[in-house]
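See structure below.
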Amino acid sequence: MTELHKNYIGGEWVAGDARPNINPSNTNEVVGEFAQGTAADAKAAIDAAALAFKTWSQSGIQQRHDILKATGDELLARKEEIGRLLSREEGKTLPEGIGETTRAAQIFHFFAGETLRLAGEILPSVRPGIDVSITREPVGVVGLITPWNFPIAIPAWKIAPALAYGNTVVIKPADLVPACTWTIVDILVRNGLPKGVLNLVMGRGSVVGQAILESPKVNALSFTGSVGTGKKVAEASIAVMRKFQLEMGGKNPTIVLDDADLKVAVESTVNSAFFSTGQRCTASSRLIVTEKIHDQYVEAMAKRMKDLVVDDAIKQGTHIGPVVDQSQLDQDERYIQIAKDEGGTLAVGGNRIERDNPGFFLEPTLFTGTTPEMRINKEEVFGPVASVIKVADYDEALAVANDTPFGLSAGIVTTSLKHASHFKRNAEAGMVMVNLPTAGVDYHVPFGGRKGSSYGPREQGKYAVEFFTTVKTAYTQP
Ligand code: NAD
């Protein structure tokens, strides 16, 4: 019998109903059995985190540094094994799985360093003879709720800063991908994290997630996922007056101008539209192309896309793994039909594929002849589906790129410094890429968007301190 991976609450591994974790490349394969938490488990986890807060918040930066550093070291040493686990549970290719695990290790190393660099300020008062100090303190019990598409990087970039700055944590990973978060928790615990400081409750969003949202004992909540759930997080957090942070959907544009290097345009948009099966919040799904290069670009894309191998995520030579599950595949196919019905031209792909094992394989799909008003250009599909919008010139391209409720990442492919510079200043997005894919970011700089994509302070890099600490101003008359 497969061993049950348990929840971790108040320093104990706690059993629950078993849920099988299914490999989307081969639905006959169970990656592992994971305990389904209950609302009572979530409450016990929050109580344990609240109890542990006083000691952990005063634990000292050397201990926190050492635990985070050791966790990064172990993730790096086991990156092949954990990367494989990630690819089996989520379906991104093995190099992508190993790359994401390496990223998680780098994030733990970065925040190990940040524990030693947390600085305050001392200023003279406007009233002579008084000193003013500004210090940062942990927020308290932090709830972390994560999506399925980056099973190790997103939990890492929330857990590491939360612990580094002295908070205690309750984390609920996405139901579809509990294995990677379970692995991080196991590593942290074995590397000396005291009881109650980090609590893991796996299970349903509507049960475990909802219990975390509703608890007034959760002092801050960091969420990544869909807009719909993000709104629930916001409403519940306002109701208890807690700090919260949301990273949500995208409908990211890439502009290709007439003066673009065609090879750069094709390579960067194939990467950002289709790699990781298009299941990245930073994926480019709107390809906005000026008229002189349009036909050449579409022809080159079609040729390049024919070479993309869609197969089992861990098979050597696979470029694109499966869609994560049946319901996401249904959504992708629904949008393909909507785009056809709206009058888009299916230029490449659009069909399900059979492979040796039963899995959720879909051809990378490109529509041409689409307009900004079509639903395919307004709503997030979250699959390997992109559409081309033909425009007259740069000015129209910029207007179309910004005509969206989202604002996560935006790209331009051009050899014109003038247009690149103008775009960097005027793109309504949190992250802008010039001659690079819209997906693929560094871990030491801020990550996040604007408009309907994000709410609250940025994640990652030293900007993470804004969310995971609270500021205290103290006045002293010596
Ligand atoms: P989702 O909103 O369905 O789920 C996200 C998390 O919320 C899961 O852990 C889920 O169990 C939990 N949840 C669901 N209902 C809840 C409730 N009522 N209360 C509390 N928690 C609840 O999103 P998903 O399908 O896992 O992820 C895909 C989405 O995430 C896409 O929209 C994608 O763009 C977005 N995403 C955004 C970023 C970013 O940084 N902007 C990064 C990755 C993914």
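Quick note: the coordinates plus some simple rules give every number you see, no bench work behind them. These figures come from a predicted structure and were not determined experimentally. Don't worry about glycine lacking a Cβ; one is built from the backbone with ideal geometry, like all the others, and counts go over all protein chains shown.
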Original post:
Going down the list Lys54/Lys158; Lys306/Lys390; Lys378/Lys424; Lys217/Lys462; Lys79/Lys306; Lys340/Lys418, which pairs span over 29 Å between their C-alpha atoms?
Top reply: Lys79/Lys306; Lys340/Lys418
**OP:** Using Cα positions and a limit of under 20 Å, work out the lysines in reach of Lys6, with same-chain residues fewer than 8 apart set aside.
**Re:** Lys43, Lys172, Lys195
Subject >> Neighbourhood net charge (10 Å Cβ-Cβ; Lys/Arg +1, Asp/Glu -1) for Asn219 >> reply: +3
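How do 35-46, 412-423 rank on mean C-beta neighbours within 10 Å, highest first? Numbers along the way, then the final one.
Details: 35-46: 21.8, 412-423: 18.0.
Packing proxy ranking, top to bottom: 35-46, 412-423.
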**OP:** Go through the stretch 344-353 residue by residue and turn each phi into a ³J(HN,Hα) via Karplus (6.51, -1.76, 1.60, θ = phi - 60°); whole Hz please, and just put x for glycine and proline.
**Re:** x, 9, 6, 8, 9, x, x, 10, 6, 10
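Determine, for each peptide in 200-211, 76-87, the mean count of other beta carbons within 10 angstrom over its residues, then list the peptides with the highest first.
Working: 200-211: 22.2, 76-87: 19.9.
Final packing ranking: 200-211, 76-87.
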**OP:** Rounded, prolate or oblate: pick one for the stretch 1-89, where a ≥ b ≥ c are the square roots of the eigenvalues of its C-alpha gyration tensor, a/c under 1.5 means rounded, and failing that, prolate if a/b is larger than b/c, else oblate.
**Re:** oblate
Subject >> Lys/Arg +1, Asp/Glu -1 at C-beta; the chain dipole; positive extreme among Ser237, Gly350, Ser284 >> reply: Ser237
Original post:
Can you give me the Cα centroid spacing of the stretch 393-422 and the stretch 148-227 in angstrom?
Top reply: 36 Å
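Rank by packing, highest mean first: peptides 129-140, 174-185, 215-226, 288-299, with packing defined as the count of other Cβ atoms within 10 Å averaged across residues. Display every interim value, and only then the final one.
On the way: 129-140: 15.4, 174-185: 24.2, 215-226: 22.3, 288-299: 18.3.
Ranking, from highest mean packing down: 174-185, 215-226, 288-299, 129-140.
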Original post:
Under the Kirkwood approximation for Rh and a Cα-based Rg, what ratio Rg/Rh is obtained for the stretch 253-434?
Top reply: 0.96
